[in-house]
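See structure below.
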Amino acid sequence: MTKVGGTIFIIILMAVLFFLNWYVYQGVKTVLPTHFLLTGKTVYWIVAAGISLWIGFTFFTIMQEGKITASSQKSLNLFLTISVTQLSVILILFGEDIFRSMSSLFSYFTSSETGSNMPSRRKFVSQLAFTLAAIPFTGFVYGIFKGKYDFRTIRKTVYFKDLPEAFDGFTITQLSDIHAGSFTDYDAVKRGADLAVAQKSDLFVFTGDLVNHKADEIDPMLSSFAQIKAPFGQFSILGNHDYGDYTSWSSPEAKKANFESLKDKHKKLGYDLLLDESRLIEKDGQKIRLLGVENWGVGFHAKGDLEKSLENVDQNEFKILLSHDPSHWDEQVKKHPKNIHLTLSGHTHGMQFGIETPIIRWSPAQYRYPNWAGLAEEAGKFLYVNRGFGFHAFSGRVGIWPEITVIELRRG
């Protein structure tokens, strides 16, 4: 972002924060006792101004440093928690304002009285707004302190008519988006890795974003993830964060050295890193093809070369592709004449925030990605999007929990 662009962004951000604070204040002053009104107003605006300046400074620092540090993550946590809570309050207050405006308009045309006919804001509505806003507030507090380590195992069975018989019941454990630089609780990380080990799958795959910025972020957790072994091997690919593009480097050589170090970390983890290439997986004399591409995503790196990974691959082979960004499946993979049966991706994290129930399934991620989590299918070609093991920017998870995926292949 340019210096001018950054300045404009900060100005817009501060304007938005002021609007949120001002609108919530309309409810605050309604519920404050009369004798405490002046003191309450003063305290509210001092706290609101202080938090807003802290948030503004955080975004300024991120733009200057070119990365999100552990300190700035705390500020982003505060920003998201307060903003979502405020929006919950504003939603109810806005509903009341619509009613008040309609009532005022009706009175204007039906009453002979002059002057303002706008009904006063009702205290119980403001009380209701703050009471209901406690729900998202509590959710974010839980997500920041506990939810980001609430690892879940999700199992999916996918059926294919042309799956080789030897692979009927074959299982694949998938991790994605570890984002090692975001973790501080390494014991919790080990619990998550142990859960992946406990699945005892036939094959293990990792679908990118091992780190946030630098290769050495994974060092404290190497032993935890290196323990994940599978009879048919462990395979990995790169994600958009793995190239070191989101931080500043002293020289191009330093960036290149970091990238080479990152590839070496995959070796130390026991992962076979696929860089636009493929491997044959053989069982009982039958084979399936595992493909892996570098990152390819709409709006991100488009380094991956699907055609290169398909070199010397027979049209009739059963194929599984590892591709970090699910937009690759939408743009290239599902349309490819060489039928790629199953694609495993990550990247979206489900935006680390949303609602997933049997009735409601929503996340802000859906406005960016048509397939943002879980299983998708089109014309017999399948995509699975892992919700991510780690987290980034927002140091928490609310409703979209960290995931260990187990895919079972079935013939039928």
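The values are calculated or read from the model by the stated rules, or taken from the named source; none is laboratory data. These figures come from a predicted structure and were not determined experimentally. Every residue, glycine as well, gets a Cβ built from its backbone with ideal geometry; the counts of neighbours run over all protein chains shown. Protein only, heavy atoms only, side chains kept; ligands, DNA and RNA dropped before computing areas. Shrake-Rupley method; radii C 1.70, N 1.55, O 1.52, S 1.80 Å.
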Does residue 308 satisfy the criteria of being among the charged types (D, E, K, R), touching a residue at least 60 places away in the same chain (Cβ under 8 Å) and more than 24 Å from residue 153 (Cα to Cα)? no
Extreme residue, farthest from residue 329 (Cα to Cα), among residues of the range 339-385 that are touching a Lys or Arg at 6+ places or on another chain (Cβ under 8 Å), among the hydroxyl-bearing types (Ser, Thr, Tyr) and in a strand (DSSP E or B): 384
Can you tell me which residue among 98, 68, 51 is surrounded by 14 or more Cβ atoms within 10 Å (Cβ to Cβ) and either on the phi > 0 side of the Ramachandran plot or part of a helix (DSSP H, G or I) (or both)? 51
Top-ranked residue in the range 393-412 [being in a strand (DSSP E or B) and among the charged types (D, E, K, R); ranked as nearest to residue 347 (Cα to Cα)]: 403
Return the total of residues in the range 293-322 being of a type in the set (A, V, I, L, M, F, W, C) and assigned to a loop (DSSP other than H, G, I, E, B). 6
Give me a count of the residues in the range 316-355 that are of a type in the set (S, T, N, Q) and under 26 Å from residue 400 (Cα atoms). 6
Has the range 35-46 got at least one residue that is in a loop (DSSP other than H, G, I, E, B), surrounded by fewer than 16 Cβ atoms within 10 Å (Cβ to Cβ), in contact with a helix residue (DSSP H, G or I) (Cβ under 9 Å, 6 or more places away or on another chain) and not aliphatic (A, V, I, L, M)? no
Go through the residues of the range 293-308 one by one and say whether even a single one is basic (Lys, Arg), modelled with pLDDT of 95 or more and farther than 24 Å from residue 389 by Cβ. yes
Could you check the range 277-294 and list, in sequence order, the residues that are of a type in the set (Val, Ile, Thr) and either crowded, with 23+ Cβ neighbours inside 10 Å or under 14 Å from residue 333 (Cβ atoms) (or both)? 288, 293
Residue check, residue 74 against (1) closer than 29 Å to residue 245 by Cβ; (2) open to solvent by less than 40 Å² (accessible area, probe 1.4 Å); (3) modelled with pLDDT under 90, all met but one. Which one? (2)
Take residue 403 and decide whether it is open to solvent by 40 Å² or more (accessible area, probe 1.4 Å), in contact with a Lys or Arg (Cβ under 9 Å, 6 or more places away or on another chain) and not basic (Lys, Arg). no
Exactly one of these conditions fails for residue 11: (1) loosely packed, with under 12 Cβ neighbours inside 10 Å; (2) within 30 Å of residue 122 (Cβ to Cβ); (3) of a type in the set (A, V, I, L, M). Give me its number. (2)
Selection within the range 295-313 - surrounded by fewer than 14 Cβ atoms within 10 Å (Cβ to Cβ) and more than 17 Å from residue 334 (Cβ to Cβ): 299, 311, 312
Residue check for residue 90: under 23 Å from residue 392 (Cβ atoms) and surrounded by 17 or more Cβ atoms within 10 Å (Cβ to Cβ): no
Residues 63, 1: which one is out of contact with any Pro (no Cβ under 7 Å at 6 or more places or on another chain), among the aliphatic types (A, V, I, L, M), outside any helix (DSSP H, G or I) and modelled with pLDDT under 95? 1
Residue list for the range 361-399, filter: surrounded by fewer than 17 Cβ atoms within 10 Å (Cβ to Cβ) and of a type outside the set (A, V, I, L, M): 361, 362, 364, 366, 367, 368, 370, 377, 378, 380
How many residues does the range 218-273 contain that are in contact (Cβ under 8 Å) with a residue 40 or more places away in the chain and basic (Lys, Arg)? 3
Among 171, 153, which is within 28 Å of residue 317 (Cβ to Cβ) and in contact with a strand residue (DSSP E or B) (Cβ under 8 Å, 6 or more places away or on another chain)? 171
Verdict on residue 143 being open to solvent by less than 30 Å² (accessible area, probe 1.4 Å) and farther than 27 Å from residue 273 by Cα: yes
